[in-house]
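The structure appears right after this line, and notes come after that.
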Amino acid sequence: MAIDENRFLADLHRLREFGASGVGKGVVRPAYSDADIAARHWLAGRMIEAGLEPQFDPVGNLFGLAPGRSLLLGSHSDSQPEGGWLDGALGVIAALEVARSSDHPVSVVSFQDEEGRFGVTTGSAVWSGGLPLEKADTLTDAAGVSFGTARAAMGDLAQDFVDPARFSGFIEMHIEQGPALDAAGDQIGIVTDIVGIRDMTITFEGQQNHAGTTPMHLRRDAFQALSLFNTRLNDRFRNVVTPQTVWTIGRVDLHPNASSIVPGRVRFSMQWRDGDAARLVRMEEIIRSTAHEVAEEQGMVLDYGPMLGLEPVAMDQTLRLALEDGAAQVAPGKWRRMPSGALHDATNVARHLPVAMLFVPSINGISHDFAEDTAEHDLIAGLAVLDHAVHKLAGPAG
Ligand code: GLV
Ligand code: MN
Ligand code: MN
C-alpha cells in the first residue's frame, strides 16, 4: 500500500488539537499534562487501527508494536510550554503513516518528556538505561513537581519496559528547528550527528532587603550576581567556543521578584551544547569557576542542582545512506548532510540501536515558539524520503 499524504496531514492536524494554544498553529502540551495524556490515548487508538499493539511503558513512553522484529520509527508528542505543532509530532505521525502503509514490519514510538519538563529527553533516557528510573523520579519541574508524581498521573502503566532487542534500528524524522535548510532553499537534511548537551540549575543566595534604604555597597543582590556572572561567562567562553557552540540561560526565577525589594535569591537554568565532548567539559569548568568567583565577590551562597547531559552521537551509516538515497530521489539537488544542534530521542536510542534522522525545513528557522511551521510540500517530501528508506532497508523485495 502506498503512503496516503492526506491521511498523514489530517492526523498531524488532529494531533495539533490536543493542547491547541489558539495562537497560530501552536500547542501547549507539556509532558504529563491533560492534553499530553489525551493525545497519547488518541495515538494509541490510531496504532490499533494501524494493526499495531499499543503499549505504555512505566514512564508513559507509548510504543505501537508490530509483530516480531521490526524497524522502529517515531519521536515525541509532548511539547515545550510554548510549543510548535510539528516539533516531535511530525516524527510520530510520519512513523504512523509509514507503519500503516508498509508491507514490512514497522513499529512506532512517542517518547515521553523529550522537551525536558523534568530533565533532558527524560522518557527515552530512562527507556535506554541512560537515566535510572529511581533517579528520574527525584527530578522536579520548575514548579517543584517530581517526575515520580507526574508519571503517576498517567494511571495504570506497564511494569516493564519494551525490549530494545525487538527492533533492528531507529529512524526519527523531525523539523530542522534552525535556519539552514530554509535559507538555502533545500528541502531535506540528512543528519550526520547530534550535538552533546549539559544542563543544570544554579542558585545564588544573597540577602533580601528594602530597595529604598539599603545602600548599594551593603547589598547582596542576587540579580546583580547573575548579571555579573553572565557577562563574565560570555567573555571567558570567547577563547573556547566555536561558531557552532551554544549556551543559554533560559529560565530565571528571581525571588521575590518585586520592584521595591533587593532580590535575595536567583535560581536559573544553565545549558550548553557542542559537538565536541571535551569542549563541554571545558565549558563546565569555566561555568563553575566563574560562578564561584562571582559568589565570593558578591557575598552569595552558591548551590548547584543535578547536572544532566547527553554525549554527542554519530548517525549509523547504513540507515543514513538509505535516507540519502531517498533524498536524492525525492529532492534531487535540494538536500544536504548536516549536524543537529537540537537534541533528539535518537541520542538515547543509539545506546541500543543503529539510529538515523532526517530533517525538513523550519520556516524562517523558528521553533520552540507558537509560530513554528513548515510548508506542506516539505512535510510530504520528508514523509516520502522516510518511506523510501524503510523500503530500501527492507531489501530488494521491498
Ligand atoms: C529539544 O527540544 C531541544 O532542546 O533540543
Ligand atoms: Mn523535538
Ligand atoms: Mn523541542
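Some notes on this structure:
- Accessible area in square angstrom per residue, the range 37-80, 1.4 angstrom probe: 29 Å²
- Cross-link reach list, lysines versus LYS392, counting only Cα pairs under 23 Å and skipping chain neighbours closer than eight places: LYS334
- For the range 236-276: span of alpha carbons on each principal axis (Å, largest first): 42, 16, 12
- In degrees, nearest ten, helix 34-49 long axis to first principal axis of the chain (Cα): 10 degrees
- Prolate/oblate/rounded call for the range 303-398, Cα gyration tensor, a/c under 1.5 rounded: oblate
- The Cα-based radius of gyration of the chain, divided by its Kirkwood radius, gives an Rg/Rh of 1.01.
- Principal axis dimensions, the range 225-303 - Cα atoms, whole angstrom, descending: 43, 23, 19
- Helix 5-16 vs. the chain, principal-axis angle (Cα, 0 to 90°, nearest 10): 30 degrees
- GNM result for the chain, Cα springs below 10 Å: residue of HIS217, HIS377, HIS76 fluctuating most strongly: HIS217
- Probe 1.4 Å - accessible area at SER70, Å² to nearest ten: 0 Å²
- Across the protein chains, with a 1.4 Å probe defining accessible surface, the residues ASP156, ASP235, ASP34 rank ASP156, ASP34, ASP235 from largest area downward.
- The Kirkwood radius of the range 19-131, taken over pairs of alpha-carbon atoms, gives through the Stokes-Einstein law at 4 °C and 1.567 mPa s a diffusion coefficient of 93 µm² s⁻¹.
- Here the Karplus curve 6.51 cos²θ - 1.76 cosθ + 1.60, taken at θ = phi - 60°, turns the phi angles of the range 358-367 into couplings of 10, 10, 10, x, 9, 4, 6, x, 8, 8 Hz, with x standing for Gly and Pro.
- Gap separating the Cα centres of the range 162-199 and the range 75-101, nearest whole Å: 13 Å
- Taking the 1.4 Å solvent-accessible surface of the chain as the whole, the part contributed by carbon and sulfur is 50%.
- Converting the Cα gyration tensor eigenvalues of the range 131-279 into ellipsoid dimensions via √(5λ) gives semi-axes, longest first, of 38, 26, 14 Å.
- Residues considered: LEU228, LEU379, LEU319. Largest GNM mean-square fluctuation over the chain, using C-alpha springs under 10 Å, is found at LEU228.
- Counting 0.36 nm for each residue step from GLN244 to ARG166 and taking away their Cα separation leaves a gain of 24.5 nm.
- Computed over the chain, the per-residue total of -39500 (n - 2.57) for DSSP H runs of n ≥ 4 gives a 222 nm mean residue ellipticity of -10500 deg cm²/dmol, rounded to 500.
- Cα gyration tensor shape for the range 1-44, rounded if a/c is under 1.5, else prolate or oblate: oblate
- Build a GNM of the chain with springs between Cα atoms under 10 Å apart, and of SER79, SER102, SER124 the one that fluctuates most is SER102.
- In this Cβ point-charge picture (+1 for Lys and Arg, -1 for Asp and Glu), the range 211-261 has a dipole of about 120 debye about its Cα centre.
- Rounded to the nearest 10 Å², the accessible area of MET307 at probe 1.4 Å: 60 Å²
- Principal-axis tilt of helix 317-330 within the chain, Cα atoms, nearest 10 degrees: 70 degrees
- LYS334 - accessible surface, heavy atoms, 1.4 Å probe, Å² rounded to 10: 90 Å²
- Per residue, the range 218-345 exposes 51 Å² of solvent-accessible protein surface, assessed with a 1.4 angstrom probe and all protein chains in place.
- Calculated SAXS-style log₁₀ I(q)/I(0) at q = 0.14, 0.30 Å⁻¹ - the range 125-182, Debye, Cα scatterers: -0.66, -1.23
- Taking only the Cα atoms of the range 259-326, the ratio Rg/Rh comes out at 1.24, with Rh defined as the Kirkwood radius.
- Spatial separation of Cα centroids for the range 341-367 and the range 123-142, in angstrom: 20 Å
- For the range 332-383, the relative contact order works out to 25 percent when only alpha carbon pairs closer than 8 Å and six or more residues apart are counted.
The values are calculated or read from the model by the stated rules, or taken from the named source; none is laboratory data. Keep in mind that what you see is a predicted model, and the values were worked out from it rather than measured. Cβ atoms come from the backbone with ideal geometry, glycine included; neighbour counts cover every protein chain shown. Heads up: the accessible areas ignore ligands, DNA and RNA and are worked out on the full protein's heavy atoms, side chains in. Shrake-Rupley method; radii C 1.70, N 1.55, O 1.52, S 1.80 Å.
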